[in-house]
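Novice: I have a structure here, written as structure tokens, and I will follow up with some questions on it.
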Amino acid sequence: MEPVRVKVYGLFSLTRRRYLIQAIAGVATAMVVLIAWYFAWPPMHERLTRPELPPSAFRTFLVAVLNNVPWILMAALAYKMAEVYFVLRIFARKEGTKASGK
């Protein structure tokens, strides 16, 4: 029997297993980024905010974004959790329809 497939974002036709593997890989990547940020950001922050450096709009923007990496990652993970919830509901609905023979 062919596994149920769902189009995610209307582009990618995925099986439940493939979708869950990709979702777990995305969460793992976010955790790696957070750990890297935790160890790399304090020394980088000191280098970017030295008083002898001339003012730069890009550097100010970069520092602002990098200061908020944990919040950005939490927002992305919240979005991913909502997406997983809805996509798994679609899988369940399609599998129920397939099992009933419709």
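The values are calculated or read from the model by the stated rules, or taken from the named source; none is laboratory data. From a predicted model like this one, the values you see are computed outputs, not experimental measurements. Neighbour counts are summed over all protein chains in view; Cβ atoms, including those assigned to glycine, are modelled from backbone coordinates with ideal geometry.
Novice: Within the set of pairs 6 or more residues apart or between chains, which connect a residue that is closer than 20 Å to Phe39 by Cβ inside the stretch 58-75 to a residue that is outside any helix (DSSP H, G or I) with Cβ atoms less than 7 Å apart?
Specialist: Correct list of pairs: Val63/Thr49.
Novice: The conditions are (1) of a type in the set (Asp, Glu); (2) touching a residue at least 12 places away in the same chain (Cβ under 8 Å); (3) loosely packed, with under 11 Cβ neighbours inside 10 Å, and Glu52 fails exactly one of them. Which is it?
Specialist: (2)
Novice: Follow-up. Can you tell me which condition Tyr38 does not meet? The list is (1) of a type in the set (Phe, Trp, Tyr); (2) surrounded by 13 or more Cβ atoms within 10 Å (Cβ to Cβ); (3) under 19 Å from the mean Cα position of the chain (by Cα), and all the others hold.
Specialist: So Tyr38 meets the others, but not (2).
Novice: Would you say Pro43 is assigned to a helix (DSSP H, G or I), more than 25 Å from the chain's Cα centre (by Cα) and modelled with pLDDT of 95 or more?
Specialist: Values: assigned to a helix (DSSP H, G or I): yes; more than 25 Å from the chain's Cα centre (by Cα): yes; modelled with pLDDT of 95 or more: yes.
Yes.
Novice: Is it the case, given these coordinates, that Ala30 is surrounded by 10 or more Cβ atoms within 10 Å (Cβ to Cβ), within 16 Å of the chain's Cα centre (by Cα) and part of a helix (DSSP H, G or I)? Steps first, answer last, please.
Specialist: Working: surrounded by 10 or more Cβ atoms within 10 Å (Cβ to Cβ): yes; within 16 Å of the chain's Cα centre (by Cα): yes; part of a helix (DSSP H, G or I): yes.
Yes: the conditions hold for Ala30.
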